[in-house]
Amino acid sequence: MNACIRGFVENLPTDYRSVVVLSELEELSNQQIAEVLGISLATVKIRLHRARALLKKEFATRCDFYQDEGNGLLCDLKITGVSFPN
C-alpha cells in the first residue's frame, strides 16, 4: 500500500509533491512548510488542497482498495491489476 501511495505522490507536480511530502511524511505544520519553501501560508494551503484533490481523483479512478484476511488495506491498480501490500 505504501508503494502505491508513494508512486502517486511521486507523480504529482513538483510544487504539490513538496508540500505533501513536508506535511504528510515530515509532519511539518503549514507555517513551517511556508518557511522552509519560502512561500506564503496561503500558498501552502492552496497547494495542499489541490494536491490532495489530485491524489483523491487518482485513487478513485486508478485503484481498487480492499482488506486482506489480516485486516490490512491493499490496493489493486485498475490499469495493471498489481497488488501492493501495506
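Can you tell me the relative contact order of the chain? Whole percent, Cα pairs under 8 Å, sequence separation 6 or more.
30
Ignoring solvent entirely, what values of log10 I(q)/I(0) come out of the Debye formula for segment 2-84 at 0.16 Å⁻¹ when each Cα is a single scatterer?
-0.66
Quickly estimate the mean residue ellipticity at 222 nm for the chain, helices only: each DSSP H run with n ≥ 4 gives -39500 (n - 2.57), and the total goes over all residues, rounded to 500.
The helix contribution divided over the chain gives -16500 deg cm²/dmol.
Every number here is computed from the coordinates shown, using simple stated rules; none is lab data. It should be emphasised that the depicted structure is a prediction, and the values quoted were computed from it without experimental measurement.
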